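Quick notes on the structure that follows.
Computed from the coordinates by the stated procedures, all read-outs in this text should not be read as laboratory data. Given the structure is predicted, the values throughout are model-derived calculations rather than measurements. Note: ideal-geometry Cβ built from the backbone for every residue, glycine included; neighbour counts use all protein chains shown.
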Amino acid sequence: MDMATDATHRSTDDLMGVDKALQIPLYAKRDIVLVRGEGAYLYDNDGNRYLDAMSNYGVAVLGHAHPRFTQALVDQAHRLTTTHQSFGSDARSEFLETVMTIAPEGVRKAFLSNSGTEAIEAALKFARAATGREKVVAARRGYHGRTFGALSATADRKYRDPFMPLPIPAEHIPFNDADALEAAIDDQTAAVILEPLQGEGGIHLADAAFLQRAREVTSARGALLIADEVQSAIRTGVPFVMVDAGVTPDIIATAKAVANGFPIGVTLVTEAISDAMPGGAHGSTFGGNPLACRVGTETLRILADDGLYENARIRGEAIIAGIEALESPKVRAVRGSGMMIGIELKSRATPTLKALQERGVLALMAGNLVIRLLPPVIYGQEQVDELVAALGDVLAS
Ligand SMILES: Cc1ncc(COP(=O)(O)O)c(C=O)c1O
């Protein structure tokens, strides 16, 4: 069998038709069926190859079918795939130890779950329980997930409006406006929640001064500071962007890249917050399962062993420099950090995204105007050149 075709030999139209017939139509479909991946490349049902510049929404940082990752997954699958957190687990203990090698001093108690929104949900519940307060301050353009609690913090009305009223009172201040942030925090504020590098909202980096004010004011007023590093962790070339900016939050929520795309959520908290949580106040049946933990450990080890944090920084800078050198009249701005890059266009990004896909490159949008690049951090110069060349083609015409 041709490795680039799907195991069932069914056509693209047939398989997409099943999705359309049987799924709630929540996703804008891109009409290709992905069946295989290898390194930085994906293959569709018809054998076409694509350069992966999106890592499946930022998760597959090591690319696809990484030999060490795959081996770890298979080994663990042969041993034990599920263990409730009321039992000990070698895989879980090892993962906790490995995660703490990237956690900042003082934020080294973990809750394990299965997704970004669950990591945020836990963060918000912990903030409520630890402070006894309800209100959350978040940023405009901020995205924190779509379960009810996380959605309360998410800014976009398109996601919020169908589900009002939302359970957590939230105020959304302009991103990077420290005065507005300070004015919004009062004695009812449980937490300020911020993406230090906004993803969905268009790739906007927080100013260090803004984050520092957030830290100072929350500490002074008895509120907590939550870093949403679900998308920004690891791929930016540092474990956590907020910590790299010199600010240690009380809670860090992360997911996506941590287990290279295997579902996992991690909420890290201070000792004081951990101590404030009554037993049984939160939990997850699947959270901390041995499969996710084992591949999470392996992912974090590969990143360190292979110098991939540094590679993310180097390749990310090269991509940005390459796009800037195109001097495309269609581009308003290029920004980002490591392998989390936004190209803001002067007009809607959808046609460019489609042209990229036709040209064999898979990327994402962030809002209407921004092409979002979330490539695997394993890119070499060859992939950088390929990506920039494709962007050159679609941004020139
Ligand atoms: C910053 C941020 N927070 C939370 C989430 C929600 O994560 P998930 O889709 O895994 O629930 C996302 C997902 O895109 C995200 O980018």
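What to note about this one:
- The chain: calculated mean residue ellipticity at 222 nm from DSSP helix runs of at least 4, using -39500 (n - 2.57): -11500 deg cm²/dmol
- Cα gyration tensor category, rounded, prolate or oblate, for the stretch 176-227 with a/c compared to 1.5: prolate
- Cβ crowding within 10 Å averaged over residues, with 78-89, 104-115 ranked highest first: 104-115, 78-89
- Here's the picture: a label point sits 7 Å out from the Cα of Ala208 along the beta-carbon direction, and within the stretch 180-196 the residues with their amide nitrogen under 16 Å of it are 196.
- Two-site FRET efficiency, Ser347 against Ser11, from Cβ-Cβ distance with R₀ of 41 Å, rounded to 0.05: 0.75
- Extension gain for the segment Asp393 to Asp177, taken as residue separation times 0.36 nm less the Cα-Cα distance, is 74.0 nm to one decimal.
- Once backbone amide H atoms are built at 1.01 Å from N, Arg332 has Glu344, Leu345, Lys346 as its partners under 5 Å, excluding neighbours fewer than 5 places away on the same chain.
- Distance from the stretch 221-300 to the stretch 131-176 (C-alpha centre basis), Å: 19 Å
- Three-way shape call for the stretch 171-314 based on the alpha-carbon gyration tensor, with the a/c threshold at 1.5: oblate
- Residues listed by number, the stretch 47-73, amide nitrogen under 18 Å from Arg146 label point at 7 Å toward C-beta: 56-59
- Once the Cβ-Cβ distance of Asp187 and Ala129 is raised to the sixth power relative to R0 = 22 Å, the FRET efficiency obtained is 0.80.
- Couplings 3J(HN,Hα) of the stretch 164-177, computed from phi: 6, x, 8, x, 10, x, 10, 10, 10, 9, x, 4, 6, 9 Hz, in residue order, whole Hz [Karplus 6.51 cos²θ - 1.76 cosθ + 1.60, θ = phi - 60°; x for Gly and Pro].
- Using R0 = 30 Å, the C-beta based FRET efficiency linking Glu310 and Ala333 works out to 0.70.
- Computed magnitude of the charge dipole of the stretch 231-360 (debye, nearest 20; Cβ of K, R +1, Cβ of D, E -1): 720 debye
- Tensor-based shape of the stretch 109-214 (alpha-carbon gyration tensor, a/c under 1.5 rounded, otherwise prolate or oblate): rounded
- Cleavage-rule hits (GluC sites (Glu not before Pro)) in the stretch 282-384: DSSP loop, at most 12 neighbouring Cβ within 10 angstrom: Glu327
- J(HN,Hα) series, the stretch 61-70, from Karplus relation 6.51 cos²θ - 1.76 cosθ + 1.60, nearest Hz, glycine and proline x: 5, 8, x, 10, 6, 4, x, 5, 4, 4
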